[in-house]
Every structure is written in structure tokens, then in C-alpha cells.
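The values are calculated or read from the model by the stated rules, or taken from the named source; none is laboratory data. The model shown is predicted, which means the values in this text are computed figures rather than measured ones. Backbone-built Cβ (ideal geometry, glycine too); neighbour counts: all protein chains shown. Heavy atoms of the whole protein, side chains included, go into the accessibility calculation; ligands, DNA and RNA do not. Shrake-Rupley method; radii C 1.70, N 1.55, O 1.52, S 1.80 Å.
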Amino acid sequence: MDLRLKAHVECTDGRVGRLENVILNPHTQRVTYLVVKENGIENTLRLVPEHLVQTASPEIISLSMDKTRFKKMTPFIQEEYIPSDVTFHMAEMVGWDMGTPAAVFVEHETIPAGGIVVRKGERVFATDGHVGQVDEFLVEQKKGRITHLILREGHLWGKKDISVPVKYIDRYKEGKILLNLDKSGVEALPVVPL
């Protein structure tokens, strides 16, 4: 299964959006959810459990549900209402004179417990420095485990994709993927044709 970020996502009754991010469990190296950006509706992202992926190729991810069920999936961006009395109390606690506070809406990502969000373009580091960015993932069909990270390396005139086996991922830290290889080790890995 090839999960390419920005691939089209289709339900049983038609196309619904694009793959925006994946959520994975860093301990098991398993993809647990897909974050799908819904077509035609600005800023609408939905969490789709990985077990609902029927097939995935670099261009299209097929889900085993219809559009009606997709619309009922949990939104990835949640909006939380904070009433004016709470903002007033918070301001008083730090000594601010706000006058009459307004209520506010705060947006936050819904990340299931134990998961981390990995986005296209996330920076990847070897033990001796930056080596590229996340382009996509290769995932086992049956167990949903990530087998390879596809790393986009290079500059505008000399880009190449490198297949990095998951065993070389040391850890995830503050939006960075850290490898347990140095730059020469990364260079020795297989190149994926663009």
C-alpha cells in the first residue's frame, strides 16, 4: 500500500478529497488514521481510521465507505468555544485589565491518544544533519505498518526520492524525523524513480 500525501481519496460512490496527513503510532510504526481534506469545502479535514482503506496507490486511495459515512467522520480540526467570563477570569489572574472581554473560538487538531501527525514536507535529519523531507509512506496492506519512508532529497534542479526502511527511523521529535544513519548511509539507500 502506497500512501502518497496529496493522493486523491475515493469512497465507494465517488471522490471525496485528498490525503493531507497521516497519524501514526510511533511505538508500533503503524498508520492509525488518515487526515483527508474534503473536496469543495474550505478547511474541512476528517479523520479516517486506517482499517477503512481498501486499496492505495500513489494516485488514489480507495475507502470502504460511502460519502454519507465519510461526512460523519470526526473532524480533524476542532473548534472550542471559550466564553467571555473565562477569558475575563484568565486575564484577571495574570493582572491584565481587558475591559469587557469577548468570547473566543480556539482551534486545535484532534490527534487520537498515542498518535503523532506526520505531514508532507516534514524535515528529516540524519545523525549529522538535514537530509530532506517526507514525501510519502509505504505501508503493509494487512497490518497497516509503515515499511518505508520516501524521502525527497535535493534542490530544485537535482531532486530524488530515497526509500528509507522504517528500521532507520530513530524517533520523532517536535515535527522532525530523526534517523539513526549518517548522510553517507542515506546516500547509499535505494533511489525511487520519480
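Residues that are at pLDDT below 65 and not hydroxyl-bearing (Ser, Thr, Tyr) were ranked within the range 53-84; the one that is nearest to the chain's Cα centre (by Cα) is Ile82. Going by the conditions given, is Gly114 modelled with pLDDT under 70, of a type outside the set (A, V, I, L, M, F, W, C), assigned to a loop (DSSP other than H, G, I, E, B) and closer than 30 Å to Asp135 by Cβ? So Gly114 fits the description; yes.
The single condition among (1) polar (S, T, N, Q); (2) open to solvent by less than 30 Å² (accessible area, probe 1.4 Å); (3) at pLDDT 80 or above that Thr87 does not satisfy is (3).
When Val166, Val124, Val192, Val131 are checked against the criterion of being touching a strand residue (DSSP E or B) at 6+ places or on another chain (Cβ under 9 Å), modelled with pLDDT under 80 and either within 22 Å of Asn21 (Cβ to Cβ) or surrounded by 19 or more Cβ atoms within 10 Å (Cβ to Cβ) (or both), Val192 stands alone in meeting it.
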